[in-house]
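Novice: First the structure, then my questions, so here it is.
The values are calculated or read from the model by the stated rules, or taken from the named source; none is laboratory data. All values reported here derive from a predicted model rather than from experimental measurement. As a convention, Cβ positions derive from the backbone with ideal geometry for all residues, glycine included, and neighbour counts pool all protein chains shown. These area figures cover heavy atoms from the full protein model, side chains too; ligands, DNA and RNA do not enter into them. Shrake-Rupley method; radii C 1.70, N 1.55, O 1.52, S 1.80 Å.
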Amino acid sequence: MKNFFTRHKSFHVGLLVLAWPMIVSNISVPLLGLVDTGVIGHLSDASFLAGVALGSMVINLLFWLAGFLRMSTTGLVAQAYGKDSKNGLLQELKRAALFAFAVALLLLAISPVISHFMGLFLSGSDAAIKHAQTYFNIRIFSAPAALLNMVLLAWMLGTQYSKGTLMIVLVTNIANIVLDIVFVVGFDWQVEGAALASVFADYIGLIAAVLLLKARFAKHGLSFSALLKTSLNGLTSALKLNRDIFIRSLFLQLCFAFMTYYGGFLGDATLAANAVLLNFLLLVSFALDGIAYAVEAKVGQAKGRKKAQAIHLWVVIGRFWAFIFACFYSVMFLLLGSWIISMLTDLPNVLATAEKFLIWSIILPPIASFCFLYDGVFVGLTRAKEMRNTMIFSALVGFAGVFAVSYPLGNHGLWLAMTCFMALRGLTLAKKYHDFWRSRQLLQ
């Protein structure tokens, strides 16, 4: 073990230095949600908070499904960075920015239809659904800025400028918090104020991202004029890459959505308890996503330099740190899980139900660590077809298949299905990776 650290010290340090800003930026996102909840939750009626929660859920789902923009961009940019290809860095940025803008325009075009269906399918009081539609109809105008920010964050991560991504996320979230207070508390704009705060914050974040990008361009001898002149070669292959990552993300989201959907059939207490326990998985993702993002950049760079041995070393080191962080979370949940639950809810029946199923939050992190890690590996390798196929297989067999057998166990069966889903994702991706490694196909 000592040799593992001393022989590869620069790799361990390099990975953690790149990962920590991503971990911090991940933590800042739910903190913003707490401020939103605190500001809106003090208005005169609970329907305001319910409406913002429903509207935010729809917006977050749309933007999350557009996350293929970030994943594909990071891998392609990291490979261009490894090749020291200035044209490649510009080409990937221009192509991804155009994709982001096209998706944003599509979302704006279909937003009236989405808003209409929100009124038909969302559950809640008439007032809450009306507030949700109001929030959505305003917040959707942040789509161009939010998706372009996603691309610029990915480009910076691909060039291993993770501190830049941290600065953009912090600027966006701080602006949102300040504007929330000004618009909702100061101007009493209620739901409209919360939505406008997020819209303005996304555009402020975009301005900050462009300024940081300009500085990064100067460091690499790039320019915006050269960006405009760059060709868009390889558009078809990029479309295929984004398509496969989108399909992969859709199946992942369907599994998590089913957790909430079926939890409702098991009663309000179980539904609320599962919502609390899913926050435990969100806590785990702070560190594991940070490690995975760092591995994406390092693996992509190594592939660009055509160094298969370096790819494998980054995978081994990333796997080690992902497992260490996961075990830390398991121990923390074992020792402090009941206290964390009590911080998230004070409803006696929800508390009792959440503690009954806490064991799954203790078991899950080490098991899930491998799917987080290997997601990052395959993003760096830009092997989206394998990510898509293993996700579909894991969702159908590991989640749906296991739940079809275990549903008589109730909520334990639901969590067993989620755990098997995470395990199978990690196992199938690990097998694919090691097949590539043994057959010397990592650089293809």
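Novice: Kindly establish whether Ala297 is modelled with pLDDT of 85 or more and surrounded by 22 or more Cβ atoms within 10 Å (Cβ to Cβ).
Specialist: yes
Novice: Might you let me know whether segment 174-195 holds any residue that is open to solvent by 40 Å² or more (accessible area, probe 1.4 Å), of a type outside the set (Lys, Arg), within 23 Å of Asn87 (Cβ to Cβ) and part of a helix (DSSP H, G or I)?
Specialist: So far as segment 174-195 goes, no, none of its residues is open to solvent by 40 Å² or more (accessible area, probe 1.4 Å), of a type outside the set (Lys, Arg), within 23 Å of Asn87 (Cβ to Cβ) and part of a helix (DSSP H, G or I).
Novice: Could you grab me the full set of residues in segment 355-392 that are of a type in the set (Gly, Ala, Ser) and under 12 Å from Ile245 (Cβ atoms)?
Specialist: Residue satisfying the conditions is Ala384 alone.
Novice: Quickly run through segment 263-275 and pick out the residues that are open to solvent by 50 Å² or more (accessible area, probe 1.4 Å) and in a helix (DSSP H, G or I).
Specialist: Hits for segment 263-275 are Phe265, Asp268, Leu271, Ala275.
Novice: Counting only residues that are touching a helix residue (DSSP H, G or I) at 6+ places or on another chain (Cβ under 6 Å), open to solvent by 20 Å² or more (accessible area, probe 1.4 Å) and of a type in the set (Phe, Trp, Tyr), how many does segment 399-436 have?
Specialist: Total satisfying the criteria: 2.
Novice: When both residues are 6+ apart or on different chains and their Cβ atoms are under 6 Å apart, which pairs have a first residue that lies in segment 144-157 and is under 20 Å from Gly290 (Cβ atoms), and a second that is aromatic (Phe, Trp, Tyr)?
Specialist: If the second residue must be aromatic (Phe, Trp, Tyr), the pairs left are Leu157/Tyr293.
Novice: Out of Ser198, Ser249, report the one residue that is assigned to a helix (DSSP H, G or I) and within 30 Å of Gly413 (Cβ to Cβ).
Specialist: Ser249
Novice: Scan segment 331-350 residue by residue and report those that are touching a residue at least 60 places away in the same chain (Cβ under 8 Å) and either open to solvent by 50 Å² or more (accessible area, probe 1.4 Å) or under 24 Å from the mean Cα position of the chain (by Cα) (or both).
Specialist: Ile340, Ile341, Leu344, Leu347, Asn349
Novice: Within the bounds of segment 306-322, is there any residue that is over 23 Å from the mean Cα position of the chain (by Cα), among the basic types (Lys, Arg) and at positive phi?
Specialist: Looking for residues that are over 23 Å from the mean Cα position of the chain (by Cα), among the basic types (Lys, Arg) and at positive phi, one finds at least one in segment 306-322, hence yes.
Novice: Out of curiosity, is Leu170 of a type in the set (A, V, I, L, M, F, W, C) and surrounded by fewer than 19 Cβ atoms within 10 Å (Cβ to Cβ)?
Specialist: Criteria met by Leu170.
Novice: Quick one: in segment 224-233, of everything that is open to solvent by 40 Å² or more (accessible area, probe 1.4 Å) and part of a loop (DSSP other than H, G, I, E, B), which residue is nearest to Phe99 (Cα to Cα)?
Specialist: Leu232
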